[in-house]
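What follows is a set of notes on a single structure, which appears directly below.
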Amino acid sequence: MFASTKSLILLLAFHSLLFKFGESTPCNNGFKDIIKKKNIPSCRILPTFKAEFGWKYRRSTENKTTKIDIIFGISDEYAKVEWIAWGLNPGHRPGMVGTRAVIGIRQSNGTVQANLYNITSNNKVGCELLPSKVELFKAEFRVQDMTGEVSSSYITISATLELNNQLYNVEKLNHVWQVGYHADLERLVPRIHHFSLQNFDSTETFNMTCEGDTLGVGHNQRYFRTVHGILNMVGWGILLPVGVIVARYFRKFPVRWNHWFGVHLGCQIVGYILGTTGWGIGLWLGRASRHYTFKTHRLLGIFIFTFTTLQMLALRLRPKPHDDYRKYWDMYHHFLGYALLAVISVNMFQGIAILKPNTTWKWAYIAILAALGVATLTLEIVTWTKFIKEKKTKRKNNNDSNRENQQSQSATDNNATK
């Protein structure tokens, strides 16, 4: 049983590692209806903001240029968004600086004004981003039919770009997208966006000729964040609590199970290995992230690793059962274990809030906590019910024994009197 559980957990963890990083997600039906009107056949959901992107490409007969029709949209979940952007970066890596972007700014009358912008390092340090003249980029690409629209469920921007094949390769295209909540509507100047993880994660390199598959994880770490989350959720969030439950309720009371220690030890060791691996990936992600840090999540992770390691030292350093201070060590070991479970739960929700994945993650972990909670509550009720019942039985037996002793003593006294 333990071996099969361990194999299943490792399979789930490494399945995430071996997952095809570039696999694309089909668009929603609402966005498909929009791109169908523009005769655009291909679309996919982008990794952040639930943004959706559609495209069509065709190469010139001389193979010097490639014409692409694009449409980028954000659903009405982001109703307060004032501007959306999509652009291409001719550099070696996808990034904000160097991107030539189509930005649509929502106007007070409900329309969307789309223009071309050149994002430079000056904009990164706070300089205003003003619309650029299309003629400035004619050596790189030509832009036609730049439009922005607001439908019942989407805000979209679209354009036709004729790309210079010497600068842009549709099989390895660096694209960037973004959303913002403030803009100067009169001067068409988008104000700086938020600094959340999703904002920094809105870049990728993708293959326009192959259903929009992305080309691995060289330019971002979001897939390793998923691996980090899965390993920690399974290792620290599931296996460690299961090991605690086994030790609490199956050692002696209310259920005596001869194999409890092996299962408890197995859950703790495998959980520790998976959790520590996930923690190590988290440290690497923290060092690789130049633009942001999550101090609370990081500090809680270090706390969990440190004191979980201390708990694991019990394998070698726990006192012998007959030692005088064993009971005090047991109290410390149990209290620290319960405290760690509480901190782990808090940090799991911290991580989910940072990643902002679809709601399945959050509700899946809530379901796991609920299952563990129900199991604990049920076993706790059984424990107290059995304890009270045995206490009543013992008291009754003591009363019966005392009554018999009194009757025997009374009989003895009567015989002595006679």
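The values are calculated or read from the model by the stated rules, or taken from the named source; none is laboratory data. None of these values were measured; they are calculated from a predicted model. A quick note on method: Cβ atoms are made from the backbone with ideal geometry, for glycine too, and the neighbour counts reach across all protein chains shown. Accessible surface areas use protein heavy atoms only, side chains included; no ligands, DNA or RNA. Shrake-Rupley method; radii C 1.70, N 1.55, O 1.52, S 1.80 Å.
Some values worked out for this structure:
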| read-out | value |
| --- | --- |
| Residue match in the range 32-45 (condition: closer than 26 Å to ASN358 by Cα, touching a Ser or Thr at 6+ places or on another chain (Cβ under 6 Å) and free of Cβ contacts under 8 Å to residues at least 40 places away in the same chain) | yes |
| Residues being modelled with pLDDT of 90 or more and touching a Pro at 6+ places or on another chain (Cβ under 9 Å) - total across the range 178-217 | 8 |
| Entirely in the range 266-357, the helices (runs of 4 or more DSSP H) that have 3 or more residues that are hydroxyl-bearing (Ser, Thr, Tyr) and open to solvent by 60 Å² or more (accessible area, probe 1.4 Å) | 326-355 |
| Identity of the residue in the range 11-40, loosely packed, with under 12 Cβ neighbours inside 10 Å and part of a loop (DSSP other than H, G, I, E, B), that ends up modelled with the lowest pLDDT | LYS20 |
| Among residues of the range 241-256, those that are loosely packed, with under 14 Cβ neighbours inside 10 Å and at pLDDT 85 or above, counted | 0 |
| Enumeration of residues in the range 224-240 that are within 16 Å of THR360 (Cα to Cα) and open to solvent by 40 Å² or more (accessible area, probe 1.4 Å) | THR226, ILE230 |
| Residue in the range 84-106 that is at pLDDT below 85, in contact with a Phe, Trp or Tyr (Cβ under 7 Å, 6 or more places away or on another chain) and in the same structural domain as ALA183 (by the TED database) present | no |
| Filter result (part of a loop (DSSP other than H, G, I, E, B) and either over 18 Å from ILE40 (Cα atoms) or more than 35 Å from the chain's Cα centre (by Cα) (or both)) within the range 156-170 | ASN165, GLN166, LEU167, TYR168, ASN169 |
| Verdict on ASN232 being within 19 Å of the chain's Cα centre (by Cα) and not assigned by the TED database to the domain that holds ARG106 | yes |
| Some residue of the range 101-113 being assigned to a helix (DSSP H, G or I), surrounded by 16 or more Cβ atoms within 10 Å (Cβ to Cβ) and touching a residue at least 12 places away in the same chain (Cβ under 8 Å) | no |
| Filter pass, GLU171 being out of contact with any Pro (no Cβ under 8 Å at 6 or more places or on another chain), without any contact (Cβ under 8 Å) to a residue 60 or more places away in the chain, open to solvent by 80 Å² or more (accessible area, probe 1.4 Å) and closer than 19 Å to MET208 by Cβ | yes |
| Complete set of residues in the range 174-199 that are among the hydrophobic types (A, V, I, L, M, F, W, C) and open to solvent by less than 60 Å² (accessible area, probe 1.4 Å) | VAL176, TRP177, VAL179, ALA183, LEU185, LEU188, VAL189, LEU197 |
| Residue pairs meeting the criteria (Cβ under 7 Å; at least 6 apart or on separate chains; first of a type in the set (S, T, N, Q), in the range 220-248; second assigned to a helix (DSSP H, G or I)) | GLN221/LEU285; GLN221/ALA288; THR226/SER16; ASN232/GLY275; ASN232/GLY278; ASN232/TRP279 |
| Matching residues, the range 155-200, being within 26 Å of ILE68 (Cα to Cα) and of a type in the set (Ser, Thr, Tyr) | THR156, SER158, THR160, TYR168 |
| In the range 269-324, residue farthest from LEU341 (Cα to Cα) [restricted to those that are in contact (Cβ under 8 Å) with a residue 60 or more places away in the chain and aliphatic (A, V, I, L, M)] | ALA288 |
